[in-house]
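Read the structure below first, then the notes.
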Amino acid sequence: MATSVRGSMATLAAKHARIEAQIAQESQRPLPDWNTIAQLKKEKLRLKEELSRARA
């Protein structure tokens with residue numbers, strides 16, 4: 001696997017983890033913003049799909 005691909009995968013994985021943390025943080029609020037959570041989950045799924053394409 002090329003170094004640039006691994007770097008891209010690492011970047012995508014880091015973004016995925018950051019979004020996961022944002023979802024957890026928003027969910028812990030007394031009044032979570034469900035629209036924000038939904039948008040974050042969509043972005044997380046998009047990144048997951050992009051990661052799986054990069055691995056293939």
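The values are calculated or read from the model by the stated rules, or taken from the named source; none is laboratory data. A quick note: this is a predicted structure, and the numbers were derived from the prediction, not measured. Positions of Cβ are backbone-derived with ideal geometry, glycine not excepted, and every protein chain shown enters the neighbour counts. With ligands, DNA and RNA removed, areas are computed over all heavy atoms of the protein, side chains included. Shrake-Rupley method; radii C 1.70, N 1.55, O 1.52, S 1.80 Å.
When the criteria are applied in full, Glu26 meets the requirement of being of a type outside the set (A, V, I, L, M) and touching a Pro at 6+ places or on another chain (Cβ under 8 Å).
Taking the numbered list (1) aliphatic (A, V, I, L, M); (2) open to solvent by 80 Å² or more (accessible area, probe 1.4 Å); (3) assigned to a helix (DSSP H, G or I) in turn, Ile23 passes all entries but (2). For first residues located in the range 15-31 and at pLDDT 95 or above, partners that are among the hydroxyl-bearing types (Ser, Thr, Tyr) and assigned to a helix (DSSP H, G or I) and lie 6+ apart or on another chain with Cβ distances below 8 Å form the pairs Glu26/Thr36. Among the residues of the range 15-39, those that are within 26 Å of Ser4 (Cα to Cα) and touching a helix residue (DSSP H, G or I) at 6+ places or on another chain (Cβ under 7 Å) comprise Lys15, His16, Ile19, Glu20.
Inspect the range 36-50 for any residue being at pLDDT below 95 and more than 8 Å from the chain's Cα centre (by Cα) and give the result as yes or no. Within the range 36-50, one or more residues are at pLDDT below 95 and more than 8 Å from the chain's Cα centre (by Cα).
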